[in-house]
């Protein structure tokens, strides 16, 4: 009886592993998967890849980490030494901080209008986005920091001192020294967190632009005037700059 019992069990195992209908179903599923993958790959442009959209909660957490590191890095001698060459360090930093604070107010207002979704999503199941395999390299921007004017006025102005850009780049490198990100990414930029988290940001939409425009009006912030005021602030701090009248 022991042998019969083993025989039945063995037969059962064989029948389970060799079941023609099951194999046909598995084969069909595999073929369908291959066909889908081939079709899916064909839909992705050359030089691009598909990545899940960033979750807003993840970006917010990452942004807090970067903000904390930025506040520490901007005071380090290795960075502030650049400012010593062009003016009063404390005053220059105060000018840049005031610009950043104003821009953060506008961004916070826009995020509120968009329910926090500035390129990211609040969904628990993010959609996939098609993005370039090699992200665009960006350098710390003096325009972004408010240190210089933008647009036509920028073309009419003399270039700000190199040391000011070096200071911003120094903060950028210090802030991201332990992150696997592309060198030169704009500090405080969501793109930095997106690259670190290996997720994607949706391109700016009309609603995003409208939110920023509305917030600038509500807060009484004029970017052109803000840039001019920033330039005057830096000039008063000893920086040799030509500012708009």
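For the condition without any contact (Cβ under 8 Å) to a residue 24 or more places away in the chain and assigned to a helix (DSSP H, G or I), residue 196 does not qualify.
Among the residues of the stretch 31-57, those that are at pLDDT 50 or above and not in a strand (DSSP E or B) comprise 43, 44, 45, 46, 47, 54, 56, 57.
Would the stretch 132-144 turn up any residue that is in contact with a strand residue (DSSP E or B) (Cβ under 9 Å, 6 or more places away or on another chain), at pLDDT below 95 and surrounded by fewer than 17 Cβ atoms within 10 Å (Cβ to Cβ)? Checking the stretch 132-144: at least one residue is in contact with a strand residue (DSSP E or B) (Cβ under 9 Å, 6 or more places away or on another chain), at pLDDT below 95 and surrounded by fewer than 17 Cβ atoms within 10 Å (Cβ to Cβ). Taken over the stretch 205-242, the criterion of being touching a helix residue (DSSP H, G or I) at 6+ places or on another chain (Cβ under 9 Å), surrounded by fewer than 20 Cβ atoms within 10 Å (Cβ to Cβ) and not in a helix (DSSP H, G or I) is satisfied by 219, 221, 222, 238, 242. Of all the numbered requirements in (1) surrounded by 13 or more Cβ atoms within 10 Å (Cβ to Cβ); (2) farther than 16 Å from residue 199 by Cβ; (3) modelled with pLDDT of 95 or more, residue 121 misses one, and that requirement is (2). Looking across the stretch 171-194, the residues that are modelled with pLDDT of 85 or more and either farther than 17 Å from residue 116 by Cβ or out of contact with any helix residue (DSSP H, G or I) (no Cβ under 6 Å at 6 or more places or on another chain) (or both) come down to 171, 172, 173, 174, 175, 194.
The values are calculated or read from the model by the stated rules, or taken from the named source; none is laboratory data. Keep in mind it's a predicted model, so treat the numbers as computed, not measured. No Cβ is skipped: glycine too gets one built from the backbone with ideal geometry, and neighbour counts run over all protein chains shown.
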